[in-house]
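What follows is a set of notes on a single structure, which appears directly below.
The values are calculated or read from the model by the stated rules, or taken from the named source; none is laboratory data. Nothing here was measured: the structure is a model prediction, and the numbers come from that model. Note: ideal-geometry Cβ built from the backbone for every residue, glycine included; neighbour counts use all protein chains shown. What goes into the accessible areas is simple: the full protein's heavy atoms, side chains included, and nothing from ligands, DNA or RNA. Shrake-Rupley method; radii C 1.70, N 1.55, O 1.52, S 1.80 Å.
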Amino acid sequence: MKILMVCLGNICRSPLAEGIMRSKLNEDFFVDSAGTGDWHVGQLPDKRSIAIAKSYGIDISMQRARQFQVEDFDIFDRIFVMDASNLKNVLVLAQTDEHRKKVRLILNEKDVPDPYYGGDEGFANVFRMLDEATDEFVKTLNLK
Ligand code: 4NP
């Protein structure tokens, strides 16, 4: 199964979502992330995301930002977006119902708030939200 995490810049939220999700799954799963915007393409995750992940034993420093592409709809089985704005930006690119059906808000009804302009506690909050959301998703997989 292939899972894609999507936010705006692919430097704060979705790199964390990718790292946390990967830490809970085995090699049968492919986990990646992307941003709807292109400003940060090629960059490392924000140092605050790298730091909060590291404090939980997760290394995300090998990740590099990339932009979401239409081809991702065919490559990935599930596309988790962080907020309603990401949802809109991804869905506008969907070409079929099959594409649209793959896309979910990771917290179902709530947004994962963009921590970019805030302080470190925003990143800790995002980590907790994503840790819970990924736990919920992993439970639905019924892994042994
Ligand atoms: P992210 O956070 O979408 O969680 O990666 C952001 C990072 C950068 C910008 C916006 C959000 N920006 O506008 O540059």
What are the residues in segment 107-118 that are of a type in the set (A, V, I, L, M, F, W, C) and either under 22 Å from residue 44 (Cβ atoms) or in contact with a Gly (Cβ under 7 Å, 6 or more places away or on another chain) (or both), if any?
-> 112
What do you reckon, is residue 31 more than 10 Å from the ligand (Cβ to nearest atom), over 20 Å from residue 59 (Cβ atoms) and at pLDDT 95 or above?
-> no
Would you confirm whether any residue within segment 51-62 is without any contact (Cβ under 8 Å) to a residue 24 or more places away in the chain, open to solvent by 30 Å² or more (accessible area, probe 1.4 Å) and assigned to a helix (DSSP H, G or I)?
-> yes
Which residues, counting only those in segment 11-28, are open to solvent by 20 Å² or more (accessible area, probe 1.4 Å) and either at pLDDT below 95 or outside any helix (DSSP H, G or I) (or both)?
-> 24, 25, 26, 27, 28
Has segment 111-119 got at least one residue that is assigned to a loop (DSSP other than H, G, I, E, B) and touching a His at 6+ places or on another chain (Cβ under 7 Å)?
-> no
